[in-house]
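Dropping the structure in here first, questions after.
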Amino acid sequence: MKELRGRVAVVTGGASGIGRALAKALLGEGMKVVLADVEEPALKAAAEALSAEGEVSPFVTDVTRAEALHALADHTWATFGGCHLLCNNAGVSVANLNVWETTPNDWSWVHGVNVHGVLHGIQAFVPRMIEAGEEGLVLNTSSGDGGIAPYASQSVYAASKAAVSILTECLDAQLAADTQLRAAIFYPSGGMLKTGIWTTRRNRPAALAREKPVPEGSETTFDEFMGMMKNIGVELPVQDLDELASHAVAGIQSGEFVIMIGRDRMEAQLVERAQKLARGENPTGLIPG
């Protein structure tokens, strides 16, 4: 999708963090943007702020509900007449725990947002986008943690993002066969990311609350984590979100399937992973190599 001006984008998880940065970058390219998020006050504030950049239409959306994505699609077509770029970006995470310390609701909530949310977006939008017969793209936000090399301590999240990556590979192959659409994987990268993913428990529904208390010290905010790293002498780079979003837009326009800062470094990780698997070894260690 080289030409973005005048076209329509939908961004889920758009009220803050990467989603908001993506929306801002797309507006800067002249796109009209439907901003979707489950957090209504933050969504309203983001839409008001971004309205100075271009045409923005907010729509409260819980991506775990298939009917909510169909309502979002109805709103998009009613407001702007179609969709050319669907950014399935909403994501959540839970505390870093051993698998046996997680609970069924941890898995239900994270996979409900991160995996089913992407699937619901595809099923609500892609048939209409195919019917329109225009060039278009489905951009799914995954993570290197799962999509490339999982962290053992983040089993729930990593498993969900591995699923998103494989789902996107399959989707793109299917779309490329006989449609004008394609799909791409967006791996947020470049350094530590100060986003709402660190505190997504604020939006966790009561019906999917943990069945037992979170072990002390297993949840940290971004600032707390960075402080702990600094205390042990580790200085981690922080990636600017606007710069990351601009990189994503450039990848969209150049037709890349994998959009990622530092993508060239992926090869060594994947080769080492493949070699370990071929030797019958587990490529995932407790501490990432």
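Values in this text are rule-based calculations from the coordinates and carry no lab data. Predicted model, so just to flag it, every value in this text is computed and none were measured. Reconstructed Cβ throughout: ideal geometry from the backbone, glycine too, with neighbour counts over all protein chains shown.
Output the 0 to 90 degree angle, nearest 10, between the alpha-carbon long axis of helix 241-254 and the longest principal axis computed from the alpha carbons of the chain.
Roughly 60 degrees, rounded to the nearest 10.
Which aspartates and glutamates, if any, have their Cα less than 14 Å from the Cα of residue 161, not counting same-chain residues under 8 positions apart?
145, 169
Cα axis of helix 266-278 to longest principal axis of the chain: angle in degrees, 0 to 90, nearest 10?
Once rounded, one gets 60 degrees.
Using only alpha-carbon positions, what ratio does the radius of gyration of the chain give when scaled by 2.2 N^0.38 Å?
Cα-based Rg divided by the globular estimate yields 0.99.
Name the longest site-free stretch of the chain, where the excluded sites are GluC sites (Glu not before Pro) in a DSSP loop with no more than 12 other beta-carbon atoms within 10 Å.
Working: sites that count: 3, 211, 216, 235, 281.
Within the chain, the longest run free of exposed GluC sites (Glu not before Pro) spans 4-210.
Same structure, new question: Angle check, please: helix 40-50 long axis (alpha carbons) against the longest principal axis of the chain (alpha carbons), in degrees 0 to 90, nearest 10.
60 degrees
Right, here's the next one. Quick check on segment 149-289: what are the equivalent-ellipsoid semi-axes from the Cα gyration tensor, as sqrt(5λ), descending, whole Å? Don't skip to the answer; put the middle values down first.
Details: eigenvalues 162, 84, 77 Å².
Semi-axis lengths for segment 149-289 are 28, 21, 20 Å.
While we're looking at this one, here's another question. Let me have the relative contact order for segment 8-278, percent, based on Cα pairs under 8 Å that are six or more residues apart. Let's see the in-between values first.
Working: 478 pairs, mean separation 51.6, N = 271.
For segment 8-278, the relative contact order is 19 percent.
Which ³J(HN,Hα) values in Hz, rounded to whole numbers, follow from the phi angles of segment 176-193 under the Karplus curve 6.51 cos²θ - 1.76 cosθ + 1.60, where θ = phi - 60° and Gly and Pro get x?
Working through the residues one at a time gives 5, 5, 7, 10, 8, 9, 9, 10, 9, 9, 10, 9, x, 7, x, x, 5, 10 Hz.
To the nearest 0.05, what FRET efficiency results for residue 153 and residue 132 with a Förster distance of 41 Å applied to their C-beta separation?
After rounding, the FRET efficiency stands at 0.40.
A further question on this structure: Residue by residue, what Karplus-based ³J(HN,Hα) values in Hz, rounded to whole numbers, does segment 24-30 have, using 6.51, -1.76 and 1.60 with θ = phi - 60° and x for Gly and Pro?
4, 5, 5, 4, x, 8, x
I've got another one for you. Taking the alpha carbon gyration tensor of segment 142-230, what are the square roots of 5 times its eigenvalues, largest first, to the nearest whole Å? Working shown, then result.
On the way: eigenvalues 190, 59, 29 Å².
Equivalent-ellipsoid dimensions as semi-axes: 31, 17, 12 Å.
With an 8 Å cut-off on Cα pairs and a minimum separation of 6 or more residues, tell me the relative contact order of segment 126-256 in percent.
Taking the mean separation of contacting Cα pairs over the length of segment 126-256, I get 24 percent.
Provide the FRET efficiency to the nearest 0.05 for the residue 52-residue 179 pair, computing r from the beta carbons and using R0 = 35 Å.
Details: r = 35 Å, r/R0 = 1.01.
After rounding, the FRET efficiency stands at 0.50.
Out of residues 5 or more away from residue 194 or on other chains, whose amide H comes under 5 Å of its own, with H placed 1.01 Å from N in the peptide plane?
Those lying under 5 Å, H to H, from residue 194 are 239.
Taking 8 Å as the Cα distance limit and 6 or more residues as the minimum spacing, I'd like the relative contact order of segment 191-289 as a percentage.
Working: 36 pairs, mean separation 25.8, N = 99.
Across segment 191-289, relative contact order equals 26 percent.
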